[in-house]
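Peer 1: Before I ask anything, let me first share the structure, which is written out below as structure tokens.
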Amino acid sequence: MNTLEVVTLAAVATCVAAPLAGALALRFLGQRLDPRIASAAAIGLSFAAAVTVAVCWQWGGGRTLTYGSRLAGGDLVIIDGLTALLLPYVATVDMAIVLVAPRRALATTGVWRLLVGASASLAMMSTAHPWALVSLWAATSLSTWLSIRGTLGGRATARTYAVAMVAALVCMAAGTGMLVADPPWLAGSGTLGTAGGWLVAVAVMIRKGIVPFHSWYPALFCGGPLATALVTTMPQVATYTAVRLLVGHADGVAAELVVLSQAALVTAVYGAALAAVQRDARSLLGMLAMSQSAMVMAGLAGTLPTELCGALAIWISSGLSLTGIGLVVWSLESRAGRIRIDTLQGRFADAPMLAAFFLLFGLASLGFPGTLSFVADDLIISGSLDERLPSGLLVIAATVFAGIAVMRGWFHLFGGPVTVDAPQHAILPRERFALTTLVAILFVLGLWPGPFVHALENVAASLLLVRAPHPSVTLPAGNPP
Amino acid sequence: MNATDQTVLHHVVALLVSWELMAPAVTLGCIGVPALIGRPLPERLTTRLVGAGFTTGFLAALATLTMLAQRGFAPEIVHLGTMFSVGHHAATVDLVADGLSIPYVCFTTGLCALVNAFAGKYLHREPGFTRFFILLTLFGTGMNLMVLAGSIDVLFAGWEFIGISSTLLIGFFHERRNAVNAALRAFGTYRICDVGLLTAGVVVHRAVGSGDFEQLFSGVWPDGRCLVPATTALIVSLLLVFAALGKSAQVPFSGWLPRAMEGPTPSSAIFYGALSIHAGAYLLLRCEPLLDAAPLSRWLLVAIGIGTALHAAVVGSVQTDLKSMLAYASMTQAGIILAEIGMGLRVVALVHVISHAILRSLQILRSPSAMHDRHELAAALGGHPGQSRWSLIRLLPDAVVRGLYQVALERGFEESVVQRWIVRPVVAVLEAASAAERRWVGFIGAEPAADVPPRPDRDGGAS
């Protein structure tokens, strides 16, 4: 193991351990620590470590590093392009949440649960071991469930969430067990491994909120703490699991992945369409998040680097922009309570900068030119042209509905006669810093996307080299295994 | 002209065209970034910067026009660069300087510079002063991007800038319900019609492997030749016609235009009297060779154009406020222009666009002082100017006039039909689905009777 590998491994460990250490410190030394400073320090350290991982991976020539046993076809620690991409992304989302969180949210027990959830998500992004993935699914689900349950009026949402997550975990554990019992990479394996693959696919559908298993997803945004909803959904752990357990582009596309991607496309259109008629800001956000995250899954079934790059770009762009919208909504709620959007709320005069940020994040989630999502949409539509034209047309339909939903949300939230009888709430410096940084990332990567897309191309290339981990693969004609 | 001169000329044109595009974009950055970080520039500096951006863009366009005119308007393709590439897909930014784009840029940047000068005074001390100029420069960037686009992808980017800036300017007075509703109506129409342009882009990419106009048609404008098979030309041209209907407010997508006058007068002048309303016409002029190869699309365009012109002329005649009258007058002319394009009268259509835009924007800019103007005219004439005794409508039987009056008062029943048969059913289905979702979530999360009541908020995330 050379120095670079040691540094990389240490950075991964720091990235995962820092939020966990922060959570433990806040749990046991809560009274003596400032929750914001402690959590920001923990996430900040994690972010620095995540950036180190990405830089080391790039310096190392983009070579995949693996550690731990190859039990059941997965490595306990894996550092490849996907990990190098996702660790900084997840840490950025967590950092923004911690910076914008209202003081009341950080002064309570929620903050340490949030850090535990963040740590589990980061750990998941650096493993490919099936049982580690199952355990981390359970950890993130439990952390989220506890947060929802501890919220005023959150028990119904907690129950909905629990029903979905228990079902997902059962499918995931059973599927993984079958994959391990009937290792697909061995000659003679068959039915059990195939069934395992399908069960994992069902688990992914539930965990990702793909139609018809989607109902918990917007409910989490409506009834749960917004920070928990963002930390739970934005990393897209189910998509990551699908990549690690189902993607095997080197031999063609797994049948499960094809079904997943088609259901995801339907979800993308359905979620965006329903978002256009929602009555409160949180359900709008939930439906949009459901739609956008499904788009990522839709792109992952492609076998061309273009489409895969598009899916990865949407992963990042939709995550950052929806986090931004969520944080703006949270900031507004912390000033004036829950916000309905079925009538004009007239919040512009009260919070003009938050209005500007909501609009910028909204545009950045819609494929607006000059933003990263424009690049992502261009890649995913171009990729689908060669293989799946109807997919490209469905992506267009989803984009149109999402556009109407975002602008309706913006106008209803900020337009109309002033209804809030309060002095103008100036945006706080920490809010401005976090939101400006997110906007800058989305627009800089949109205006100068070359280097980022090149990095995504490397990640896509590495995904295309992955061998199929199970036997239910649709082999391309004339290309025997 | 020898090869060296050709190369030098190409580089000079490339530089000028790049500046035409960059001038409003740089201005946008200069006034937008300080506003985002909470330090908006003073009013005077804002208008000067915007004025400088548009004026230098106009001068660059004028210089380009002179150079191109010396060469008989042979098109110059300017390759600005490749934004990114993956595999065989590359997102290139190609611009085209020819007999259509450069006169149009002159006219666009010149008009924007004039409106900037007017708006600097008109919006003095208005709370949204900086916002207006940010949106004006965003619009200017979008217009120049669309006009100079050498590919359908670049054109789409400009098209989107125009759409969003137009929407936000209609809703500029955000505290007014009517303004917000009008903005949403306009955005919804744009978004639905944008499907045409997006899908056309997809079809073009699939047919010729890139979005470059060079692959679709060739030749010097206005004598372009279609390079794709008739079926492809038909599909793409129908989609483009659909896209143009929304921006140019043609039947059945015209309902947003009269309401769009809720925005500030300078933006109404430049968007709905001059530039935005003609974006559809520009799109069709640019892709005219495709229409040549698809007679069905041409005749459809003629029918829609004439139908819209008649509709707007009739409805406009009963309007009781000046801005609505002007909106319908714009719609009438936009319809006639589309009909001209459908009939293949390309140069006539371009001249019509420019002359109509100049006249209409002047009328809209003068509209706030219309009464003052009328009084001055009356004073000069020594009495009211009066109304013309000659009108075509007087030749019609009374029963027909009464029927037309009824139709005009109902705005041709266009909006009620669209609302009743399209918008309401779609919204009803979506709301029913949303209600079903809520019931289902309620059913899953329903609390058994024995459960304890909810605990107080310990997390603080949800209020």
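The values are calculated or read from the model by the stated rules, or taken from the named source; none is laboratory data. Note that the structure is predicted; figures quoted are calculated from it, not measured. Here the Cβ positions follow ideal geometry from the backbone for every residue, glycine too, while neighbour counts run over all protein chains shown.
Conditions tested, residue by residue: (1) within 24 Å of B:P252 (Cα to Cα); (2) free of Cβ contacts under 8 Å to residues at least 60 places away in the same chain.
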{"position": "B:F173", "(1), (2)": "no, no"}
{"position": "B:N178", "(1), (2)": "yes, no"}
{"position": "B:V203", "(1), (2)": "no, yes"}
{"position": "B:V208", "(1), (2)": "no, yes"}
{"position": "B:Q215", "(1), (2)": "no, yes"}
{"position": "B:W221", "(1), (2)": "no, no"}
{"position": "B:V228", "(1), (2)": "no, no"}
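Peer 1: When you check B:R225 against the structure, is it in contact with a Lys or Arg (Cβ under 8 Å, 6 or more places away or on another chain) and either over 30 Å from B:N116 (Cα atoms) or within 14 Å of chain A (Cβ to nearest Cβ) (or both), yes or no? Talk me through it step by step, then tell me what you get.
Peer 2: Working: in contact with a Lys or Arg (Cβ under 8 Å, 6 or more places away or on another chain): no; either over 30 Å from B:N116 (Cα atoms) or within 14 Å of chain A (Cβ to nearest Cβ) (or both): yes.
For B:R225, the condition - in contact with a Lys or Arg (Cβ under 8 Å, 6 or more places away or on another chain) and either over 30 Å from B:N116 (Cα atoms) or within 14 Å of chain A (Cβ to nearest Cβ) (or both) - is not met.
Peer 1: Of all residues in the stretch B:168-185, how many are in a helix (DSSP H, G or I) and more than 7 Å from chain A (Cβ to nearest Cβ)?
Peer 2: The qualifying residues number 8.
Peer 1: Is it the case, given these coordinates, that B:A52 is within 30 Å of B:S210 (Cα to Cα) and outside any strand (DSSP E or B)? Let's see the steps before the verdict.
Peer 2: Values: within 30 Å of B:S210 (Cα to Cα): no; outside any strand (DSSP E or B): yes.
So B:A52 does not fit the description; no.
Peer 1: Here is a further query. What are the residues in the stretch B:249-285 that are in a loop (DSSP other than H, G, I, E, B) and within 14 Å of B:I192 (Cβ to Cβ), if any? Please lay out each step first, then the result.
Peer 2: The initial filter retains those residues of the stretch B:249-285 that are in a loop (DSSP other than H, G, I, E, B), namely B:249-255, B:263-264, B:275.
Those that are in a loop (DSSP other than H, G, I, E, B) and within 14 Å of B:I192 (Cβ to Cβ): B:A249, B:Q250, B:P252, B:F253, B:S254, B:G255.
Peer 1: Tell me whether the stretch A:51-58 contains one or more residues that are among the aromatic types (F, W, Y), under 29 Å from A:T323 (Cα atoms), at pLDDT 95 or above and in contact with a helix residue (DSSP H, G or I) (Cβ under 9 Å, 6 or more places away or on another chain). Let's see the steps before the verdict.
Peer 2: To start, the set of residues in the stretch A:51-58 that are among the aromatic types (F, W, Y) comprises A:57.
Filter once more, so that each one left must be under 29 Å from A:T323 (Cα atoms): A:57.
Filter once more, so that each one left must be at pLDDT 95 or above: none.
Checking the stretch A:51-58: not a single residue is among the aromatic types (F, W, Y), under 29 Å from A:T323 (Cα atoms), at pLDDT 95 or above and in contact with a helix residue (DSSP H, G or I) (Cβ under 9 Å, 6 or more places away or on another chain).
Peer 1: Look through A:T232, A:T239 and report the one residue that is within 14 Å of another protein chain (Cβ to nearest Cβ), closer than 25 Å to A:V134 by Cα and not in a strand (DSSP E or B). Give the steps one after another, and end with the answer.
Peer 2: On the way: A:T239 fails: within 14 Å of another protein chain (Cβ to nearest Cβ).
Selected residue: A:T232, the only one of A:T232, A:T239 that is within 14 Å of another protein chain (Cβ to nearest Cβ), closer than 25 Å to A:V134 by Cα and not in a strand (DSSP E or B).
Peer 1: Exactly one condition in (1) away from chain A (no Cβ under 14 Å); (2) part of a helix (DSSP H, G or I) is not met by B:H79; state its number.
Peer 2: The one condition B:H79 does not meet is (2).
Peer 1: Just to check your reading of the model, which residue among A:A105, A:A132, A:A128, A:A138 is under 18 Å from the mean Cα position of the chain (by Cα) and part of a helix (DSSP H, G or I)? So that I can check it myself, show each step before the final result.
Peer 2: Numbers: A:A105 fails: under 18 Å from the mean Cα position of the chain (by Cα); A:A132 fails: under 18 Å from the mean Cα position of the chain (by Cα); A:A128 fails: part of a helix (DSSP H, G or I).
After ruling out the rest, the residue left standing is A:A138.
Peer 1: Going through A:L220, A:L186, A:L192, A:L169 one at a time, which residue ends up being more than 14 Å from chain B (Cβ to nearest Cβ) and at pLDDT 90 or above?
Peer 2: A:L169 is the lone residue from the list that is more than 14 Å from chain B (Cβ to nearest Cβ) and at pLDDT 90 or above.
Peer 1: Related question: How about the stretch A:383-478: which helices (runs of 4 or more DSSP H) wholly inside it have at least 3 residues that are more than 10 Å from every other protein chain (Cβ to nearest Cβ), in contact with a Cys (Cβ under 6 Å, 6 or more places away or on another chain) and at pLDDT 90 or above? Steps first, please.
Peer 2: Details: elements: A:389-414, A:429-447, A:450-464.
Those helices (runs of 4 or more DSSP H) do not exist here; none qualify.
Peer 1: If I filter the stretch B:154-167 down to residues being more than 7 Å from chain A (Cβ to nearest Cβ) and not β-branched (V, I, T), which single residue comes out as surrounded by the most Cβ atoms within 10 Å (Cβ to Cβ)?
Peer 2: Once the filter is applied, the top-ranked residue is B:S166.
Peer 1: Now a separate question. Based on this model, can you work out whether A:L115 counts as in contact with a Pro (Cβ under 7 Å, 6 or more places away or on another chain), closer than 19 Å to A:L20 by Cβ, within 14 Å of chain B (Cβ to nearest Cβ) and surrounded by fewer than 24 Cβ atoms within 10 Å (Cβ to Cβ)? Steps first, please.
Peer 2: Values: in contact with a Pro (Cβ under 7 Å, 6 or more places away or on another chain): yes; closer than 19 Å to A:L20 by Cβ: yes; within 14 Å of chain B (Cβ to nearest Cβ): yes; surrounded by fewer than 24 Cβ atoms within 10 Å (Cβ to Cβ): no.
Taking the combined requirement at face value, the residue does not satisfy it.
Peer 1: Out of B:I277, B:I304, report the one residue that is assigned by TED's automatic domain parsing to the domain that holds B:A183 and either crowded, with 24+ Cβ neighbours inside 10 Å or within 17 Å of the chain's Cα centre (by Cα) (or both).
Peer 2: Working: B:I304 fails: either crowded, with 24+ Cβ neighbours inside 10 Å or within 17 Å of the chain's Cα centre (by Cα) (or both).
Residue meeting the stated conditions: B:I277.
Peer 1: Let me ask something else about it. Scanning the stretch B:220-234 for residues that are assigned to a helix (DSSP H, G or I) and touching a helix residue (DSSP H, G or I) at 6+ places or on another chain (Cβ under 7 Å), which turns out surrounded by the fewest Cβ atoms within 10 Å (Cβ to Cβ)?
Peer 2: Step one: filter the stretch B:220-234 for residues assigned to a helix (DSSP H, G or I), giving B:230-234.
Still in the running and touching a helix residue (DSSP H, G or I) at 6+ places or on another chain (Cβ under 7 Å): B:232-234.
Numbers: B:T232: 20, B:A233: 23, B:L234: 18.
Once the filter is applied, the top-ranked residue is B:L234.
Peer 1: From (1) in contact with a Ser or Thr (Cβ under 7 Å, 6 or more places away or on another chain); (2) surrounded by fewer than 19 Cβ atoms within 10 Å (Cβ to Cβ), pick out the condition that doesn't hold for B:T46.
Peer 2: (2)
Peer 1: Let me ask something else. Restricting to the stretch A:300-318, and then to whatever is of a type in the set (S, T, N, Q) and away from chain B (no Cβ under 12 Å), can you tell me which residue is farthest from the chain's Cα centre (by Cα)? Working first, answer last.
Peer 2: We begin by selecting, within the stretch A:300-318, every residue of a type in the set (S, T, N, Q); these are A:303, A:306, A:317-318.
Restricting the remaining residues to those that are away from chain B (no Cβ under 12 Å) gives A:317-318.
Working: A:S317: 10, A:S318: 8 Å.
Going through the qualifying residues, I end up with A:S317.
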